[in-house]
1. Tell me, yes or no, whether region 37-55 has at least one residue that is farther than 18 Å from residue 124 by Cα and small (Gly, Ala, Ser).
2. Among (1) under 29 Å from residue 132 (Cα atoms); (2) charged (D, E, K, R); (3) free of Cβ contacts under 8 Å to residues at least 40 places away in the same chain, which single condition is residue 277 missing?
3. With the condition being of a type in the set (Lys, Arg), farther than 29 Å from residue 294 by Cα and assigned by TED's automatic domain parsing to the domain that holds residue 72, I'd like the helices (runs of 4 or more DSSP H) fully within region 116-231 carrying at least 2 qualifying residues.
4. Given the conditions (1) crowded, with 16+ Cβ neighbours inside 10 Å; (2) touching a strand residue (DSSP E or B) at 6+ places or on another chain (Cβ under 8 Å), and given that residue 301 satisfies all but one, which numbered condition is not satisfied?
5. Confirm whether residue 22 is at pLDDT below 95, more than 25 Å from the chain's Cα centre (by Cα) and either part of a loop (DSSP other than H, G, I, E, B) or in the same structural domain as residue 111 (by TED's automatic domain parsing) (or both).
6. Do we have residue 309 as in contact with a Cys (Cβ under 9 Å, 6 or more places away or on another chain) and modelled with pLDDT under 95 here?
7. Look at residue 265 and say whether it is in contact with a Lys or Arg (Cβ under 8 Å, 6 or more places away or on another chain), of a type in the set (Phe, Trp, Tyr), crowded, with 18+ Cβ neighbours inside 10 Å and touching a residue at least 24 places away in the same chain (Cβ under 8 Å).
8. Of these, 243, 256, which one is surrounded by 16 or more Cβ atoms within 10 Å (Cβ to Cβ), over 27 Å from residue 322 (Cα atoms) and either in contact (Cβ under 8 Å) with a residue 40 or more places away in the chain or outside the structural domain of residue 177 (by TED's automatic domain parsing) (or both)?
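The values are calculated or read from the model by the stated rules, or taken from the named source; none is laboratory data. Small disclaimer: the values here were computed from a predicted structure and weren't measured. Positions of Cβ are generated from backbone atoms using ideal geometry, with glycine treated the same way; all protein chains shown enter the neighbour counts.
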Amino acid sequence: MRKLIALTFILIITSLFVIPKTFSQTLSEPFEFQFEKKTLRGLIEKPQHQKSKAIIIIIPGYGKTDFVEGKWFSTLRNKLVASGLTVCFWDKMGCGKSDGEFNAQQPVENSADEAMAAIREIKKLKIAGSEKIGFWGISRAGWIVPLINEQFPIDFWVSVSGTDDKENFGYLLKSNLIIAGKEEEEANKLYNAWMQGHKIFSTQGQYEDYLSAIQPLTQDSTCQRLFGYTNASKITEAGRKEYLQNQQLYTSKGYYDAKSGLWVYLAHFDKILSNIDCPVLALFGANDSQVDWRKTKKLYETTIATNPNSKLTIKVFDHCNHNLQKCITCGWQEDLSALNWQACDHYYDTMAAWLKANKIIE
């Protein structure tokens with residue numbers, strides 16, 4: 001039950017981690033800062049033979065991180081440093097060598113406050129390039145970076161597989177059912193069952209009604225295999241308690257939108273996005289089966305692009321998934337090791353050209 005409920009309101013972990021090569025032009029030094037009386041630890045990586053004119057902070061997606069020891073995003077980090085940027089990142093609380101306990105349901109507002117603590121430390125240390133600070137963020141970071149901008153006007157933003165304001169699990173469910181071979185009619189039936197359960201759950205509905213609504217999901221072998229659904233027909237007091245706890249946690253932020261039938265994570269997200277007045281590069285995988293990138297693209301075009309002081313650039317990569325990797329089926333559980341975890345064609349080139357065109361690098 002816990003796994004099932006959690007899947008209804010989280011973004012799947014998105015981390016482009018590749019075993020790196022050694023880049024002699026990179027200088028790496030420890031970076032740590034205090035947040036909620038805990039020490040979070042990461043690295044500052046900067047060019048060895050040139051002075052950086054800007055800092056780019058990496059904001060990951062949902063889930064645990066292993067930046068330092070696991071060398072997550074190493075290819076990205078090396079490419080950014082090679083272009084002349086200083087790169088900053090840290091492991092989330094309870095991950096890597098960071099203190100504290102990892103919270104899988106950390107509110108995005110709290111994640112933004114965490115990043116603000118890092119920015120204050122960067123400014124305090126007067127790290128080269130700190131006069132211009134921007135972000136590279138993936139998936140869940142699509143909520144976090146705009147919230148950071150409300151507190152600290154950012155200088156540039158690379159948004160990868162960004163989010164709109166609403167729940168995404170229904171899209172993930174339906175798109176991956178079709179990828180797994182379900183006919184459209186059957187996928188719609190299961191999607192509608194999820195929508196009904198989501199409505200009950202989001203509007204303080206009863207445990208028994210929720211279980212009844214999602215019965216088609218719990219009885220379907222594909223849903224069981226892909227999304228962890230189990231036979232939930234038996235009503236138990238332990239299940240009821242867990243349902244109510246998750247429901248309270250889920251509904252403590254945002255609101256249910258009757259028109260779309262989805263939960264809205266951030267109220268007035270359109271206005272928050274419209275306040276962004278810096279260059280923004282929005283990158284999407286055309287075969288993203290986790291987030292409905294078309295909705296996000298449209299949202300950016302009606303918000304960020306309307307700010308006269310912003311400059312929105314959008315690039316969609318064909319045959320690429322949520323993580324902007326080449327894919328075959330592009331399902332979220334696809335093993336891409338046979339493809340050697342290849343980034344989309346021209347992914348890094350697109351970022352480098354954009355950084356140069358907007359005078360962030362020379």
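1. Checked against the condition, which is being farther than 18 Å from residue 124 by Cα and small (Gly, Ala, Ser), region 37-55 yields no hits at all.
2. (3)
3. Filter on region 116-231 gives an empty set.
4. (1)
5. yes
6. Yes.
7. Considered against the rule, which asks whether it is in contact with a Lys or Arg (Cβ under 8 Å, 6 or more places away or on another chain), of a type in the set (Phe, Trp, Tyr), crowded, with 18+ Cβ neighbours inside 10 Å and touching a residue at least 24 places away in the same chain (Cβ under 8 Å), residue 265 comes out as yes.
8. That would be 243, the only listed residue that is surrounded by 16 or more Cβ atoms within 10 Å (Cβ to Cβ), over 27 Å from residue 322 (Cα atoms) and either in contact (Cβ under 8 Å) with a residue 40 or more places away in the chain or outside the structural domain of residue 177 (by TED's automatic domain parsing) (or both).
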